[in-house]
Each structure stands twice: as structure tokens, then as C-alpha cells.
1. Collect the residues in region 64-88 that are more than 30 Å from Arg98 (Cα to Cα) and either touching a Gly at 6+ places or on another chain (Cβ under 6 Å) or modelled with pLDDT under 75 (or both), keeping them in residue-number order.
2. Restricting attention to region 338-364, and to residues there that are closer than 17 Å to Glu236 by Cα and either among the hydroxyl-bearing types (Ser, Thr, Tyr) or outside the structural domain of Arg314 (by the TED database) (or both), which single residue is least open to solvent (accessible area, probe 1.4 Å)?
3. Against the condition assigned by the TED database to the domain that holds Trp84, in a helix (DSSP H, G or I), modelled with pLDDT of 70 or more and open to solvent by 50 Å² or more (accessible area, probe 1.4 Å), how does Leu154 come out, does it pass?
4. Quick one: in region 265-297, which of the residues that are of a type in the set (Gly, Ala, Ser) and open to solvent by less than 50 Å² (accessible area, probe 1.4 Å) is nearest to the chain's Cα centre (by Cα)?
Amino acid sequence: MSGISAGALPPAVHPDNVALGRRYISSRLTWWRTLLIMTLLALLVTLSSCPACVQNPRKLAINFAHSWCYTVGLWLVNSYPQEWLNRHVDWRAQPMRRFLVSVGFSLVASLAVILLISAGSMLLFWHEPLSVLLRPQVWKQFLMPLLITVVISLFLHSRSFLLEWREASVRAERLEKENAQAQADSLRRQLDPHFLFNSLNALTSLVEENDPVRASRFIRQLSQVYRYVLDSQDQEVVTLAEELKFGEAYLFLQRTRLGEGLQVERHFPAAAQLDSWLVPPLALQLLLENAIKHNATSQRNPLRITLTLDEDARTLTVRNSRQARRLAEGESAGVGLKNLQARYAYLTPRPVLIEESAAEFTVVLPLLELR
């Protein structure tokens, strides 16, 4: 029987290796395509600047090599440094400074390339001393390459600006979609029938226990929770003070229901300036809700949640003990933390750190600053 036996099957190729290979092939094709364009451009410059060279193969080859070196050299020093400049001088933050730095760098680097190629051609092809480069008539010959450089440089700068603008537009659109999804998800969780049902049951118990003071406070806190959700849904960030105040209201509702089964500790500096820090709205509520949803609680074995503010590190750490409980199917979609990380990724390069062990689950939220 023909074919390959089960024991001789070739190993499966990992998808990451396939993607890496495709990127490598695409990069190589782009490199060869650019080289071909540069060669054709050099040939065009050679024929237009010296039509008589067609009848002299040696002179044609020398002029073509000269033009090819000019074209490739000028392209390299005006193209690849753009990526380096993008990391150090952002078009969006400082457009005028970026333009001046780019043009100045382009002219200096291009002049260096022109001098290097001219010196090489004088030594290798024309066998003349380098002192010839100091003659005024020779410097006039550099004007045309520099003019070409300015045109190429302006084209590349315009292209870089348009790409940055397009990327910023894409990021803004993606953030809008992620915010909409996160807000809808937050609203869905807050208005979840289980949360409302449990809250109403707790309120009923307070009424039956004839405790009007606690019942009245419970109603106010429940109203505050829903009002905050509705008021913050159109905001990208809120102050840490507002988020913590909302967290207090949310925890009050949960402690009323769970009693001593939920214990919360706070470690904040005495003079903490809570109004000077910003966080995405409902970020803290998401972490508190996840802790309560995924862990069992009881008076004998309470769920412990610790909030720690580190002003020096500019972080808010939410840590909870792990005593996992089984969730009903569909109760947890697993998108809350992903949405939170996506929103932070747009607002700051500092990531949301997630650490977990057998005993604890920890999330470190970066704090944003007012500017």
C-alpha cells in the first residue's frame, strides 16, 4: 500500500513559523523590487545626462555606475533613517521640529554621500587627486544631486507624514470601537440581572429586618453605582478619586450581601493626591467584580481584596486571594481584562500587568497623569 505510515508523518509546522517565513519572503521581495526601481532610475538618469554615452560602452558603464551609486546612496540615507526619526521625534507631537530635523538630516547625509561617491569616482575611474573636490566648479556639480535629494526627501517626508496620519486615524477608530465594546460590556455586567437580583434581595432583607437606615443607604449607593456607569460611559478617563468613590459604593453593595465573607484592605499614602491621577472609567469595578465572581466567599474563609496605591511607581494594585469556584456556562466571557488592556494600550505605553499564583491574583494598573 502506498503512502506514508503514521509513524513517518512529517512534524507539523508551527503557525508562528509560517507567518515569520511569509514576512521574510515579503521583506525580500520588497528589497529586490526597490533595487530594481533604483537601477531603472539610475539608467534613466545616465541616458538623460549623457546621451552620447550610448556610443561608448566604457563611458556608459562608468556613468551608469556613478548614477547607480548616487541613486541608491541617496535613497538609503533618505529612506531608512525615517524609522529611527519616527521613534525619537513624533510627527504628531512636534510636526515643525520633525520637518526641520528631517530636512536638515537629509541634506547633511546626502551631501556626505555625494562627497564620498565623488571622491571614490575620482580615485578609481578618473585617477585625479582629492584636492579637485575643493574647486568651485566641482561644487557646482553637486547642486543637481542635492536638488534631486530635496525632491526625494520631500516625497519621503510627505509619505511618512501620511502614513503616521493614517495610522493615527486607524488607532482612533479602533479605540472608538474598543471603547464602545468595553462600555457595552461594562453596562451589560452592571445591569446584569444577577447583580440586580442579588442587590434587590439584599435590600429586601434589610427591609424585613426593619433597618431603614441601612436600607436607605443601600438605595443611595445602588443609585450612585448606576449613575456613575451612565455618566462615565462617554469619558476616556476619570480621576482616581472618582473611580475609588464609585468602588466604595460598589463594595458597600457587595459587603451588604456577602457580609464578613468579603474583606477589603486599602494601603494608600496619607497625603495621596487622588485627583492628580487618571484611570479609564470602570477599570477598578471590573477587577473587583472579577474577584467576587471567580472566587467563593464565606465567613469562615472570606475573600480578601487589597488595594495598594504606589505614587512613586504610579500604579494601583488590586490583589485578591484565590479560592476558585465553578462558574455557570456563559457566566464569564473572558473579555473584560482584554478590553481593559486594549484601552490602556491606546492611552499609555505602560502595560497592565497581570500576575497569578496558586494563592493570589494580582492586577497592576498604571496611573495616568494630568497634562
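1. Scanning region 64-88 gives a single hit, His66.
2. Tyr344
3. So Leu154 fits the description; yes.
4. Result: Ala283.
Conditions (1) closer than 26 Å to Ala296 by Cα; (2) at pLDDT below 80; (3) under 36 Å from the mean Cα position of the chain (by Cα), marked per residue:
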residue: Asp185; (1), (2), (3): yes, yes, yes
residue: Ala202; (1), (2), (3): yes, yes, no
residue: Ile219; (1), (2), (3): yes, no, no
residue: Gln235; (1), (2), (3): no, no, yes
residue: Leu240; (1), (2), (3): no, no, yes
residue: Leu244; (1), (2), (3): yes, no, yes
residue: Gln254; (1), (2), (3): yes, no, yes
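The values are calculated or read from the model by the stated rules, or taken from the named source; none is laboratory data. Values in this document were obtained by computation on a predicted structure and should not be read as measured data. Don't worry about glycine lacking a Cβ; one is built from the backbone with ideal geometry, like all the others, and counts go over all protein chains shown. Each accessible area value is taken on the protein alone, full model and side chains, heavy atoms only, with ligands, DNA and RNA left out. Shrake-Rupley method; radii C 1.70, N 1.55, O 1.52, S 1.80 Å.
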